[in-house]
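Okay, structure first, notes after.
The values are calculated or read from the model by the stated rules, or taken from the named source; none is laboratory data. Not measured: the values here are computed from a predicted model. Counting neighbours? That spans all protein chains shown, and the Cβs are built from the backbone with ideal geometry, glycine included.
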Amino acid sequence: MLGPPGAGKGTQAERFAMGHRIPRVSTGDILRDAVHAGNEIGKVAGVVMERGELVSDDVMIGIVTERLGRPDAANGFVLDGFPRTVAQAKALDSLMAGRDPLIVLDIVVPESELARRLGSRMICEDCGHNADGKETEPGRCHFCGGKLTQRADDNASIVLERFKIYQRATQPLVDFYRTRPTFRSINGAQPLDRVTTELAAAVAAIANGGGGVR
Ligand code: AMP
(Lines give C-alpha, C1' and ligand atoms only; values in the text may rest on other atoms or scores of the structure.)
Protein backbone atom coordinates (compact mmCIF):
# COMPACT_ATOMS: atom_id res chain seq x y z
CA MET A 1 0.00 0.00 0.00
CA LEU A 2 1.57 3.27 -1.14
CA GLY A 3 0.69 6.80 -0.16
CA PRO A 4 2.10 9.85 1.63
CA PRO A 5 2.10 10.24 5.42
CA GLY A 6 -1.51 10.75 6.53
CA ALA A 7 -3.09 9.12 3.46
CA GLY A 8 -4.76 6.49 5.67
CA LYS A 9 -2.47 3.57 4.73
CA GLY A 10 -2.36 2.25 8.29
CA THR A 11 -6.11 2.26 8.82
CA GLN A 12 -6.87 0.78 5.41
CA ALA A 13 -4.09 -1.81 5.69
CA GLU A 14 -5.42 -2.88 9.08
CA ARG A 15 -9.01 -3.18 7.84
CA PHE A 16 -7.97 -5.18 4.78
CA ALA A 17 -5.67 -7.46 6.75
CA MET A 18 -8.31 -8.20 9.39
CA GLY A 19 -10.96 -8.88 6.74
CA HIS A 20 -8.71 -11.34 4.94
CA ARG A 21 -7.07 -12.85 8.03
CA ILE A 22 -3.60 -12.02 6.84
CA PRO A 23 -0.97 -10.02 8.75
CA ARG A 24 -0.51 -6.29 8.33
CA VAL A 25 3.21 -5.62 8.19
CA SER A 26 3.82 -1.99 9.16
CA THR A 27 7.51 -1.13 9.02
CA GLY A 28 6.81 2.05 11.04
CA ASP A 29 5.27 -0.07 13.84
CA ILE A 30 8.16 -2.55 13.73
CA LEU A 31 10.63 0.33 14.09
CA ARG A 32 8.64 2.02 16.88
CA ASP A 33 8.58 -1.33 18.75
CA ALA A 34 12.36 -1.61 18.30
CA VAL A 35 12.80 1.93 19.69
CA HIS A 36 10.66 1.02 22.73
CA ALA A 37 12.61 -2.20 23.24
CA GLY A 38 15.87 -0.23 23.02
CA ASN A 39 17.53 -2.87 20.81
CA GLU A 40 20.26 -2.24 18.23
CA ILE A 41 17.87 -1.46 15.37
CA GLY A 42 15.84 0.78 17.68
CA LYS A 43 18.90 2.79 18.68
CA VAL A 44 19.80 3.51 15.05
CA ALA A 45 16.21 3.99 13.84
CA GLY A 46 15.07 6.26 16.70
CA VAL A 47 17.39 9.12 15.76
CA VAL A 48 16.52 8.87 12.06
CA MET A 49 12.76 8.70 12.71
CA GLU A 50 12.83 11.71 15.03
CA ARG A 51 14.14 13.77 12.11
CA GLY A 52 11.48 12.40 9.75
CA GLU A 53 14.19 10.81 7.57
CA LEU A 54 14.33 7.28 6.17
CA VAL A 55 16.06 4.35 7.84
CA SER A 56 18.65 2.77 5.51
CA ASP A 57 17.51 0.41 2.76
CA ASP A 58 19.75 -2.39 4.10
CA VAL A 59 18.15 -2.33 7.54
CA MET A 60 14.61 -2.11 6.12
CA ILE A 61 15.11 -4.87 3.56
CA GLY A 62 16.54 -7.09 6.32
CA ILE A 63 13.52 -6.44 8.57
CA VAL A 64 10.99 -7.14 5.81
CA THR A 65 12.80 -10.23 4.52
CA GLU A 66 12.68 -11.75 8.00
CA ARG A 67 9.03 -10.75 8.58
CA LEU A 68 7.69 -12.05 5.26
CA GLY A 69 9.51 -15.34 5.81
CA ARG A 70 7.41 -16.13 8.90
CA PRO A 71 4.67 -18.76 8.56
CA ASP A 72 1.77 -16.32 9.13
CA ALA A 73 2.74 -14.45 5.95
CA ALA A 74 2.79 -17.56 3.76
CA ASN A 75 -0.73 -16.95 2.39
CA GLY A 76 -0.41 -13.23 1.89
CA PHE A 77 0.16 -10.01 3.82
CA VAL A 78 -0.46 -6.29 3.60
CA LEU A 79 2.63 -4.12 3.54
CA ASP A 80 2.19 -0.68 5.09
CA GLY A 81 5.13 1.73 4.84
CA PHE A 82 7.33 -0.51 2.69
CA PRO A 83 8.69 -0.09 0.07
CA ARG A 84 9.61 3.58 0.40
CA THR A 85 12.47 3.71 -2.13
CA VAL A 86 13.07 2.18 -5.54
CA ALA A 87 15.87 0.04 -4.04
CA GLN A 88 13.37 -1.38 -1.52
CA ALA A 89 10.85 -2.00 -4.31
CA LYS A 90 13.43 -3.95 -6.32
CA ALA A 91 14.29 -6.04 -3.25
CA LEU A 92 10.57 -6.69 -2.71
CA ASP A 93 10.23 -7.95 -6.29
CA SER A 94 12.96 -10.51 -5.52
CA LEU A 95 11.20 -11.53 -2.30
CA MET A 96 7.96 -12.03 -4.25
CA ALA A 97 9.51 -14.54 -6.65
CA GLY A 98 7.40 -17.71 -6.54
CA ARG A 99 4.53 -15.98 -4.73
CA ASP A 100 1.27 -14.53 -6.07
CA PRO A 101 1.77 -11.23 -7.93
CA LEU A 102 2.27 -8.12 -5.84
CA ILE A 103 -0.79 -5.84 -5.86
CA VAL A 104 0.13 -2.16 -5.53
CA LEU A 105 -2.45 0.35 -4.33
CA ASP A 106 -1.53 4.04 -4.27
CA ILE A 107 -3.74 6.07 -1.93
CA VAL A 108 -3.85 9.64 -3.26
CA VAL A 109 -4.73 12.62 -1.01
CA PRO A 110 -4.02 16.36 -1.57
CA GLU A 111 -1.18 17.73 0.61
CA SER A 112 -3.38 20.36 2.34
CA GLU A 113 -5.66 17.57 3.59
CA LEU A 114 -2.66 15.46 4.71
CA ALA A 115 -1.24 18.31 6.81
CA ARG A 116 -4.64 18.81 8.46
CA ARG A 117 -4.96 15.09 9.26
CA LEU A 118 -1.45 14.71 10.68
CA GLY A 119 -1.84 17.84 12.82
CA SER A 120 -4.79 16.29 14.63
CA ARG A 121 -3.76 12.60 14.59
CA MET A 122 -3.51 10.91 18.00
CA ILE A 123 -2.15 7.42 18.60
CA CYS A 124 -2.18 5.07 21.58
CA GLU A 125 1.09 5.06 23.55
CA ASP A 126 0.62 1.38 24.39
CA CYS A 127 -0.78 -0.42 21.32
CA GLY A 128 -0.07 2.13 18.55
CA HIS A 129 -3.65 2.25 17.20
CA ASN A 130 -4.86 5.55 15.76
CA ALA A 131 -7.61 7.27 17.72
CA ASP A 132 -10.74 6.81 15.63
CA GLY A 133 -13.50 8.75 17.35
CA LYS A 134 -14.93 5.60 19.01
CA GLU A 135 -13.23 6.33 22.35
CA THR A 136 -15.57 5.95 25.30
CA GLU A 137 -13.19 7.64 27.74
CA PRO A 138 -11.64 10.94 26.52
CA GLY A 139 -7.91 10.66 25.79
CA ARG A 140 -7.93 6.85 26.12
CA CYS A 141 -7.58 4.22 23.36
CA HIS A 142 -10.77 2.28 22.69
CA PHE A 143 -8.81 -0.91 21.95
CA CYS A 144 -6.68 -1.14 25.10
CA GLY A 145 -7.39 1.90 27.31
CA GLY A 146 -3.85 3.26 26.81
CA LYS A 147 -3.12 7.00 26.79
CA LEU A 148 -3.59 8.83 23.46
CA THR A 149 -0.72 11.05 22.41
CA GLN A 150 0.60 12.85 19.31
CA ARG A 151 3.23 10.87 17.38
CA ALA A 152 6.60 12.61 17.88
CA ASP A 153 7.12 12.82 14.10
CA ASP A 154 3.65 14.33 13.46
CA ASN A 155 4.96 17.65 14.82
CA ALA A 156 4.55 20.36 12.12
CA SER A 157 8.22 20.89 11.18
CA ILE A 158 8.94 17.13 11.02
CA VAL A 159 5.81 16.62 8.91
CA LEU A 160 7.21 19.06 6.32
CA GLU A 161 10.44 17.07 6.24
CA ARG A 162 8.49 13.80 5.81
CA PHE A 163 6.54 15.29 2.88
CA LYS A 164 9.79 16.42 1.22
CA ILE A 165 11.33 12.98 1.63
CA TYR A 166 8.15 11.36 0.36
CA GLN A 167 8.28 13.50 -2.79
CA ARG A 168 11.96 12.78 -3.36
CA ALA A 169 12.31 9.11 -2.41
CA THR A 170 8.87 7.51 -2.44
CA GLN A 171 6.85 9.30 -5.14
CA PRO A 172 9.17 7.81 -7.85
CA LEU A 173 7.83 4.42 -6.78
CA VAL A 174 4.51 5.31 -8.37
CA ASP A 175 6.26 5.54 -11.74
CA PHE A 176 8.14 2.33 -10.98
CA TYR A 177 4.81 0.48 -10.53
CA ARG A 178 2.33 2.48 -12.65
CA THR A 179 2.61 0.43 -15.83
CA ARG A 180 1.98 -2.89 -14.08
CA PRO A 181 -1.46 -4.46 -14.55
CA THR A 182 -1.56 -5.01 -10.77
CA PHE A 183 -1.34 -1.27 -9.96
CA ARG A 184 -4.33 0.92 -9.00
CA SER A 185 -4.73 4.50 -7.71
CA ILE A 186 -7.37 5.04 -5.04
CA ASN A 187 -8.87 8.42 -4.08
CA GLY A 188 -8.00 8.60 -0.37
CA ALA A 189 -9.74 11.95 0.19
CA GLN A 190 -13.13 10.20 0.34
CA PRO A 191 -14.81 9.03 3.58
CA LEU A 192 -12.90 6.13 5.21
CA ASP A 193 -15.54 3.48 4.47
CA ARG A 194 -15.72 4.51 0.82
CA VAL A 195 -11.92 4.15 0.51
CA THR A 196 -12.13 0.69 2.13
CA THR A 197 -14.81 -0.39 -0.36
CA GLU A 198 -12.93 0.89 -3.40
CA LEU A 199 -9.72 -0.68 -2.23
CA ALA A 200 -11.35 -4.08 -1.69
CA ALA A 201 -13.00 -3.85 -5.12
CA ALA A 202 -9.66 -3.03 -6.76
CA VAL A 203 -7.94 -5.99 -5.10
CA ALA A 204 -10.81 -8.33 -6.01
CA ALA A 205 -10.73 -7.18 -9.65
CA ILE A 206 -6.98 -7.74 -9.88
CA ALA A 207 -7.14 -11.10 -8.09
CA ASN A 208 -9.96 -12.24 -10.39
CA GLY A 209 -7.84 -11.75 -13.44
CA GLY A 210 -8.22 -8.01 -14.04
CA GLY A 211 -4.57 -7.58 -13.19
CA GLY A 212 -3.05 -10.38 -15.22
CA VAL A 213 0.13 -12.02 -14.03
CA ARG A 214 3.48 -10.30 -14.12
P1 AMP B 1 5.36 5.31 9.25
O2 AMP B 1 4.73 4.84 10.52
O3 AMP B 1 5.15 4.36 8.11
O4 AMP B 1 4.96 6.73 8.90
O5 AMP B 1 6.95 5.33 9.51
C6 AMP B 1 7.50 6.16 10.51
C7 AMP B 1 9.00 6.37 10.23
O8 AMP B 1 9.67 5.10 10.23
C9 AMP B 1 9.33 6.98 8.88
O10 AMP B 1 9.23 8.41 8.88
C11 AMP B 1 10.76 6.50 8.68
O12 AMP B 1 11.66 7.24 9.49
C13 AMP B 1 10.70 5.09 9.26
N14 AMP B 1 10.34 4.07 8.21
C15 AMP B 1 9.22 3.29 8.18
N16 AMP B 1 9.22 2.49 7.10
C17 AMP B 1 10.37 2.77 6.42
C18 AMP B 1 10.94 2.28 5.21
N19 AMP B 1 10.31 1.35 4.45
N20 AMP B 1 12.14 2.80 4.82
C21 AMP B 1 12.78 3.72 5.56
N22 AMP B 1 12.29 4.24 6.71
C23 AMP B 1 11.09 3.77 7.14
Exercise. With respect to the numbered conditions (1) within 24 Å of I158 (Cβ to Cβ); (2) surrounded by 19 or more Cβ atoms within 10 Å (Cβ to Cβ); (3) away from the ligand (no atom under 13 Å from the Cβ), which one is the sole condition not fulfilled by I63?
Worked result: (3)
Exercise. From the set of residues in the stretch 144-159 that are assigned to a helix (DSSP H, G or I), in contact (Cβ under 8 Å) with a residue 24 or more places away in the chain and surrounded by fewer than 15 Cβ atoms within 10 Å (Cβ to Cβ), which is farthest from the chain's Cα centre (by Cα)?
Worked result: A156
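I'd like the full set of residues that are within 23 Å of R116 (Cα to Cα) and in a helix (DSSP H, G or I), limited to the stretch 171-197.
Of the stretch 171-197, the ones within 23 Å of R116 (Cα to Cα) are 171, 185-196.
Result: L192, D193, R194, V195, T196.
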Problem set entry | Single match in I158, I206, I165, I123 (criterion: on the phi < 0 side of the Ramachandran plot and touching a His at 6+ places or on another chain (Cβ under 8 Å)) | I123
Exercise. Among the residues of the stretch 35-60, which ones are within 11 Å of the ligand (Cβ to nearest atom), in a helix (DSSP H, G or I) and among the acidic types (D, E)?
Worked result: E50, D57, D58
Exercise. From the set of residues in the stretch 12-34 that are farther than 15 Å from L79 by Cβ and surrounded by 17 or more Cβ atoms within 10 Å (Cβ to Cβ), which is farthest from the ligand (Cβ to nearest atom)?
Worked result: A34
For this session: Scan the stretch 193-206 for residues that are exposed (fewer than 14 other Cβ atoms within 10 Å of the Cβ) and either aliphatic (A, V, I, L, M) or in contact with a strand residue (DSSP E or B) (Cβ under 9 Å, 6 or more places away or on another chain) (or both) and jot them down.
Result: R194, A201, A204, A205
Seminar exercise, completed: Log entry, pairs with first residue in the stretch 8-34 being assigned to a strand (DSSP E or B), second being at pLDDT below 95, beta carbons closer than 6 Å, six or more apart or on different chains, reads R24/E14
Problem set entry | Failed item in (1) over 25 Å from L199 (Cβ atoms); (2) among the hydrophobic types (A, V, I, L, M, F, W, C); (3) more than 17 Å from the chain's Cα centre (by Cα), with I61 passing the rest | (3)
Exercise. Which one is surrounded by the most Cβ atoms within 10 Å (Cβ to Cβ) among residues in the stretch 92-143 that are small (G, A, S) and within 26 Å of T65 (Cβ to Cβ)?
Worked result: G128
Exercise. Which of the residues spanning the stretch 182-192 are surrounded by 13 or more Cβ atoms within 10 Å (Cβ to Cβ) and modelled with pLDDT under 95?
Worked result: L192
Seminar exercise, completed: From the option list K164, K147, single residue qualifying as of a type in the set (D, E, K, R) and in contact with a strand residue (DSSP E or B) (Cβ under 7 Å, 6 or more places away or on another chain) is K147
